[in-house]
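Report on the structure given below.
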Amino acid sequence: MESLDSSMNIETRRMELRGVIRLAGEVIAQYWPMRTFVHHNPLHSLEYLPFEEAVRRGNQFMGGNGYLPSHMYRAYLKSGRIQPRHLDGALSSLVQNKRVVCGSRPITHGEVLRTCLTEGLCTPVIEPLDSQLHDSSQGLIDHLATRLNSVMTFPDVQERVRAIAEGDEAALCRWLTLSHWCDDTLGTEIVQQINDQMIKWCEAYLDEAHATWTMPGREKGLYGAWKALAVHEWSSCGIVDSGKKISQLPDHPEDALLESMDALGIPAELRQDYLSLQLTALPGWAGFIKWRAEERDYPWQQAYPAGLVKFLAIRVWYARELVQQACKDYLDIDGRYEAVVAYMREYPDEYYLRRQRAAGRLPALYAEEVDRLSHRKGQSWNNILTRYRAEVIPRLQAAVRRGAARRLLALARSLNIEAPVLIETAPADLKQVVDWMEAFPELDHGPVWLKALEAGYQEQLLGQLRARTENAAPSETARPYSQSVYCIDVRSEPFRRHLESVGHHETYGFAGFFAAFIRYRALGKAHDTEQFPVIMRAKNEVWEIPRSYGDQTVSLHAARAKWVHAGHTLLHDLKENVVTPYVMVESLGWFYGLPIFGKTLVPVLYQRLTAWLRRLFVPSLATTLTIDKLALRETAEMLETEQHAVIRRALHEQLGLRSSRITSALVEGLRQRALTVETGQETQIAAGEIERAGLTPETLNALVETLRRQYDLTARSASRHKERLTRTGFTLEEQVLTVDTALRMMGLTKNFARLVLFCAHGSTSDNNPFESALDCGACGGNEGNPNARVLAMMANSQKVREQLAKVGIDIPSDTHFLAGQMDTTTDVVRLFDLEDAPPTHRADIARLQEDLKEASAFTSQERCMRFPDIQQGVTETDAVTHVRKRSTDWSQVRPEWGLSNNTSFLIARRELTKGLDLEGRVFLHSYDYREDPSNRLLEVILTGPQVVAQWINMEHYFSAVDNDVYGSGSKIYHNVVGRLGIMSGPWSDLRLGLARQTVMNGDVPYHEPMRLLTIVAAPRERIDKLIARHHDVLKHFYHNEWVHLVALEPEEGILYRYRPTGEWVRIDAVTGS
Amino acid sequence: MTDAVIISLLLPAVPIIGAMLGFLVWSQPEKLKIWSVVVTVLSLLSVIGMSGRLTGATVGPLLLYLLPLTAGASLLGAPAHQQHRLSWVLTLLFLGLGLGILTSQQIVGQIAVMVLLGLITFFLYWYHNPLWPRSWWGICVYGLGSLSSGLATIASPPVSAMASLLVCAVLLPLLPLHQGYVSALTRLPGSLPAFIVLLLPAIGLHSLITVIPTVPDVATSTITIVALIGALYGSIKALAQSRVRLLLGYGSLSFFSIFWWFAAVSRTITPQALVFLAALAVVTSGLLMSWQVVRTRYGDDVDPQAIIGLVKKMPQFTVLFSLLALAAMGLPPFGVFTGFIGMLLTTALTSFVALLVMMIAWLAASWYILDMVQRLLFGRERSDLRYEDLRRSELASLLVILLIVIALGIAPSSLFGITQPPSNAEAVKEAVSWNR
């Protein structure tokens, strides 16, 4: 009974721990593998907090800045991008009605704050103890500092020491791990040591077929594999007897983690924060593990399970051992929470000096002395502090006064106050001004600057829209040449504008997955791609198949593709083998010179040449998609064919049989036996077949067993596979629902043109691990053409049209739906499935293609103007050549700007924005509230596409404001790791976010970091209802100020701003506020 | 009086009188600094003008040129701040003494060495801080050096020869008498360390040229072993330092020990060895000046660990500092490399251990110097540090040093000929013949 209680108790503790870890993991964002890069908010888990508070938390946990450095905002102010009135508006809530008089000149609190912002007066600067750099104002500064002498008071050192010790005690395990504490106090590098270990193990364990030699024992799980290997390390991080200690760890990671936390003495109420801190030490790797742990169907996760519990069990073990070692060595105390707290209380002087030393704040001689005493205790520490108090503190205080004087002088200059007047001002007034400045530290400037920056842009955009509503052009009723639907992606906006300008084409915006939630397998690929936003799930699968299996080209294509694959594999194996590279370099090395020179010197030509050779060797195939559900018979046939192929492979691999000796009857017999053996009714195989193959009954039985075990050929797996095959395609009802939803959401329900193009988007770049970041976010970071093809095929189906007509969408018989894909790097639009277009539409298609080409050239020309390496205007032809070259240049770190500079999400009819130059900064989603009486479509848009847009916006925002922490740094140092992400250099955390070159133009941001502005052309009460209904998503967005919401009242044509308090405020037409 | 005597009086007189006159503008730091620089220029001109008529300078004209050049550069790079005034006057005074020692007759020179070491001892005591008890070692070592110099003046051989050797080991640091050198680099004020890092080894070399041929075999064997140990010791100590001046002190000790090893093995000083020593001293001086640039901005007491991320905001400093660091690591085309390779090529290297030790010292130097450069220049910029790139005078001073080190690296070493005093050496040899 006792053991039962004990095991229940253990299980309860494990469950509790898992719960704590789940909560602790909230502070880190999930990290998707880079091949399906998903833009996301790095502080997504903190969206339940107001934006400013979340930013503060991000700073505390990860050390990331949530706003641009002030000098960049000041540069915006200088350039006119931020208007002074917007700055005043943003500052107004902080200004107090106070003033001091300087001579005859009153100085208001507001003026001081404003000058702090514009002149950077509150930038914390360490004033040197002995200023030696010649300064022409030194005399004035010294004079002012002397005047401040009487009014500036400083707390006693002892008080300060006590306050620091108390503050750190309160922060311990909340904002400061014990490892950090050791580093900050003893000058150790425990956090770095642990990070190095964790990077090493995570890199090896999480590898996805990138490493040639993989980590052994990965099937045991992250913790098990680590335990099995780390035990053999000679001396892990210098931990004494590390092997022995690791071997004695419990088998369950939960137990190991609990044991380590008990050893560190982490109080129960602090465990969640403590574990959060441990996770944020490596947010990249931890974020990826968090993602993987939640993706149970992910093949790598199934094969080699990883989770945050396991990650933390390893990490905290290192922390426990290293903290213990450091505390014993330096302080002769236990490496436990309560021992550390007791040390800070009992020896505050020593603690203070050690901390100052580790932070580099002690004069060099004192630093030496602290180093000398670092392993001792006792009176010597008090002696140093006494000397420090006598020698250094007065100099420190003088330096602080000089700093204050310097700031006062800068303030006076900015306010045009003469220096003598300032010097004559009463010291108390001077002190008051200094206090105002100190009460407005630079940390508080970010929100003010951000609001001012946003206000400027919003005023301009809303002004454009207001002008358009006031002078609305009558909507055209004539049938357009074509209608085309583009992804809401900001890159579609210029293209749409240019296409509309070259002919009578109508365009629409819709999330690029086109309401087709599909899992897609391209021809010849072994894995599916998930073609929908990551916040959704798919029910249907679609395969790309050849249009005709009877065609000779199919077998030729398959055979040649196989050869190419074999060639690649061979080269790869030769490169990665232990011995062969030595020979290979000599014999084949020169061959690699061709691509190196080709790609470097003539990238476009090289790309054309290789594409031509590829086409020549592997002929392209006309393909279609499996849109309709398979019939039962077809499913069975498909399954049978696949199983036959497996058996043939097994016969070849296991018994070395050549194709000529493998008969269909033998294969079928084996299949039957493998599938029915479980039921006990063995299928007999004709003796002649067995004999012809040269097999014995024993061999046959063994092979059947192998087929079941190794090749997974069992009745159960067959059933599973069959069930999966039945998910292929859509039923008629599903197709009707998909097309109906899509057309209604985009507002395309009448006046159909002869051609309707669903235009997805993808990109082309070389040597770019972030390639998928340029693809369609709504399609899970993949190219969107499968979705466009699916929707076009469905919409062209006569049966679907008949059903749609019954629900009020009458598609004319001469309307044909086309699928296309825009390459956002080259702006070229490629059309798909033209074989299905009726001959009557050839002229229409030709005209559309011409106009698309023209629009492409205009778009390229416009985009070229934004590249920093193009100084002057370019012609359309040059622009086309230039963008093409960028897409093939393997040294190009910025093939395109991607979604950079996105700012807003506009949910409205195209009439509102048609002809407006929105500079490729706005997500445009077509929506007509009149088509949505139930509010259902708006609900979908706000909770789907808007969320995606907000993720994209926040990814760019944080990558721009602090690229080192929230972004991924410079591409120059990127190294692909494990085929799942990138590291900076050979050894780093998995880098989050976007590369520096994606958001920055040199040292200044190309992407202006602002929060998303959502503008909805719909009645306010409808929006209110949705906000009330979706409190978790929309309330967090709008009430916590992650997203700004503006409604355009369709009937009144008036703009209203949604306040965090839930009120609507009319936006003033003049001030824009 | 002969020309040589007049010259040996005139050359030191220029800076010494300059130092005296400097007190006239003592209350105006900027003027005093300008005056000091002018005096070093005058001194350099006087050296250039009279170098053809010098007969007493055994080390040839190279060091005579380098002394005022380095003194001028160190003064130029110093901030015009009142707390540096004494260091400027002392620089001029020491320059005068140095020129006097290098150009005068033996006895006068030895008296001058005694005065110089006595002054350094005094100022080490003056700037002694209880938090830095090791400076007592320095005071003792220089005191010993001063006494030894006096002894060498009054005693007869072989005592005078051994006393001279001891003085050489104090001036041109050799284990275990290196503490004086390290203390002087660490404790002396302002721009002075950047000058004496050349001055003291130069005077040491000057004496060594005379002494080394006369040293008994047993002594040279001992020096060989001590020098190798010193090279290792200096490297290890440099690796363990966090303070820049200590790191440079121990690092240069390691390289000076290599020089000692070479001198002991070959029992002569070749022009290549002279280039090595001069380049090493000048480049160390340059690095000390670079560190002075940092101290000027962040205070004399700044902890190097607190200074990071200079690369973006101080590009000129970064370039010059990096080049000097490369020179100090012994990379071509700088003088340290040329001198070292020249030394190796002119020596019959018979000891594998010696080669190994030199390799270790060399590799260690690339470790600790690069580490220092990396720590100061790279890392995340600190928002609370006020960054300001080199001012014109600082830029000029570092450029001068860099050009000197390049010139030493690329100029033919035959230009830097050394005058061996055979008669004197023979006399001393005869005097110590009892030892054989």
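How far is it, in nm, from the label point at A:Arg537 to the one at A:Ile870 when both lie 7 Å from their Cα along the line to the Cβ?
The modelled label-to-label distance comes out at 4.6 nm.
How would A:Trp543, B:Trp26, A:Trp285 line up from fewest to most surrounding beta-carbon atoms within 10 angstrom?
The fewest-first ordering by Cβ neighbours comes to B:Trp26, A:Trp543, A:Trp285.
Hey, how many Å between the Cα centroid of segment A:481-505 and the Cα centroid of segment A:196-263?
54 Å
Taking H placed 1.01 Å from N in the peptide plane, check which residues at least 5 places from A:Ser484 or on another chain put their amide H under 5 Å from its amide H.
Amide H neighbours of A:Ser484, under 5 Å, 5+ apart: A:Glu506, A:Thr507, A:Tyr508, A:Leu757.
Using θ = phi - 60° and the Karplus curve 6.51 cos²θ - 1.76 cosθ + 1.60, what whole-Hz ³J(HN,Hα) does each residue of segment B:99-107 get, with Gly and Pro shown as x?
So the J values, rounded to whole Hz, are 4, x, 4, 6, 10, 8, 5, 4, 5.
How big is D, in µm² s⁻¹, for segment A:540-726 by Stokes-Einstein at 37 °C and 0.692 mPa s if Rh is the Kirkwood radius over C-alpha pairs?
Value of D from the Cα-based Kirkwood radius: 160 µm²/s.
Report, by chain and number, residues whose modeled amide H sits under 5 Å from the one on A:Val977, excluding near sequence neighbours (fewer than 5 apart, same chain).
A:Ile982, A:Met983
For the pairs A:Lys853/A:Lys971; A:Lys244/A:Lys377; A:Lys575/A:Lys971; A:Lys78/A:Lys98; A:Lys629/A:Lys914; A:Lys200/A:Lys971, flag any whose C-alpha to C-alpha distance is greater than 30 Å.
In this structure, A:Lys853/A:Lys971; A:Lys244/A:Lys377; A:Lys629/A:Lys914 lie more than 30 Å apart at Cα.
Of all beta bridges DSSP finds with both residues in segment A:886-1034, what is the antiparallel percent, to the nearest 5?
Rounded to the nearest five, the antiparallel share is 40 percent.
Given the pairs A:Lys539/A:Lys750; A:Lys539/A:Lys799; A:Lys220/A:Lys310; A:Lys525/A:Lys599, which are separated by over 18 angstrom at their Cα positions?
From the list (A:Lys539/A:Lys750; A:Lys539/A:Lys799; A:Lys220/A:Lys310; A:Lys525/A:Lys599), the Cα-Cα distance tops 18 Å for A:Lys539/A:Lys750; A:Lys539/A:Lys799; A:Lys525/A:Lys599.
Say a paramagnetic label sat at a point 7 Å from the Cα of A:Ala611, along Cα to Cβ; which residues of segment A:812-842 have their backbone N under 17 Å from it?
Within reach of a label on A:Ala611, which here means backbone N under 17 Å from a point 7 Å along Cα→Cβ, segment A:812-842 contributes A:820-833.
Tabulate in residue order the Karplus-calculated ³J(HN,Hα) for segment B:371-384, using 6.51 cos²θ - 1.76 cosθ + 1.60 with θ = phi - 60°, rounded to whole Hz; enter x for Gly and Pro.
Karplus values, whole Hz, x for Gly and Pro: 4, 4, 4, 4, 5, 6, 8, 9, x, 6, 4, 8, 6, 8.
Looking only at B:Gln305, B:Gln106, B:Gln179, which one moves most when chain B is put into a Gaussian network model with springs between Cα atoms under 10 Å?
Looking only at B:Gln305, B:Gln106, B:Gln179, the biggest GNM fluctuation is shown by B:Gln305.
Can you divide the C-alpha Rg of segment A:789-945 by 2.2 N^0.38 Å and report the result to two decimal places?
1.28
Pick from B:Ser156, B:Ser164, B:Ser366: which is most flexible by mean-square fluctuation in a GNM of chain B where alpha carbon atoms under 10 Å apart are linked?
For chain B, modelled as a Gaussian network with Cα springs under 10 Å, the answer is B:Ser156.
Which value, in Å to one decimal place, does the Kirkwood hydrodynamic radius take for segment A:114-192 when every pair of different Cα atoms is included?
Answer for segment A:114-192: a Kirkwood hydrodynamic radius of 16.8 Å.
Would you compute, for the Cα atoms of segment A:660-742, the largest minus smallest coordinate along each principal axis and list the three values in descending order, in whole Å?
60, 28, 21
Sequence-distant or interchain residues sharing an amide H contact under 5 Å with A:Thr1014, placed H: which?
A:Phe905, A:His1044, A:Leu1045, A:Val1046
So what is the relative contact order for segment A:540-726, in percent, with contacts set as C-alpha pairs under 8 Å and at least six apart?
Relative CO of segment A:540-726 lands at 23 percent.
Could you tell me the relative contact order of chain B? Use alpha-carbon pairs under 8 Å, at least six residues apart, and round to a whole percent.
Answer for chain B is 18 percent.
May I ask which residue of B:Gly180, B:Ala152, B:Leu86 lies farthest towards the positive end of the charge dipole of segment B:3-435, with charges of +1 (Lys, Arg) and -1 (Asp, Glu) on Cβ and the Cα centre as origin?
Among B:Gly180, B:Ala152, B:Leu86, the one farthest towards the positive end of the dipole of segment B:3-435 is B:Leu86.
Restricting things to alpha carbons, find the Rg to Rh ratio for the protein assembly as shown using the Kirkwood radius for Rh.
1.04
Counting other beta carbons within 10 Å of each residue's own, what order do A:Phe514, A:Phe730 fall into, fewest first?
Exposure proxy ranking, most exposed first: A:Phe730, A:Phe514.
Segment A:1023-1047 to segment B:167-204: how many Å between their Cα centroids?
72 Å
log10 I(q)/I(0), Debye, Cα-only segment B:188-257, no solvent, q = 0.15, 0.18, 0.24 Å⁻¹?
These q points yield log10 I(q)/I(0) values of -0.61, -0.82, -1.08.
Report Rg(Cα)/(2.2 N^0.38 Å) for segment B:3-435, keeping two decimals.
Taking N as the residue count of segment B:3-435, the ratio is 0.92.
Would you give the gap between the C-alpha center of segment A:781-804 and the C-alpha center of segment B:66-115, rounded to a whole Å?
89 Å
Hey, fewest Cβ within 10 Å first, where do A:Phe154, B:Phe123, A:Phe591 land in order?
A:Phe591, A:Phe154, B:Phe123
Mind jotting down a quarter of the surface of the convex hull over the alpha carbons of segment A:223-365, in square nanometres, one decimal?
10.8 nm²
Mean separation of Cα pairs under 8 Å and 6+ residues apart, divided by the residue count of chain A: what relative contact order is that in percent?
For chain A, the relative contact order is 16 percent.
For chain A, what proportion of DSSP beta bridges, expressed in % and rounded to the nearest 5, is antiparallel?
Bridges in chain A that DSSP calls antiparallel: roughly 40 percent.
Contour minus end-to-end for A:Ala170 and A:Ala268, with contour as 0.36 nm per residue of separation and end-to-end as the Cα-Cα distance?
33.8 nm
Values quoted throughout were computed directly from the atomic coordinates according to the rules given, and no laboratory measurement underlies them. The model shown is predicted, which means the values in this text are computed figures rather than measured ones. When we count neighbours, we look across all protein chains shown, and the Cβ atoms used for this are built from the backbone with ideal geometry, even at glycine.
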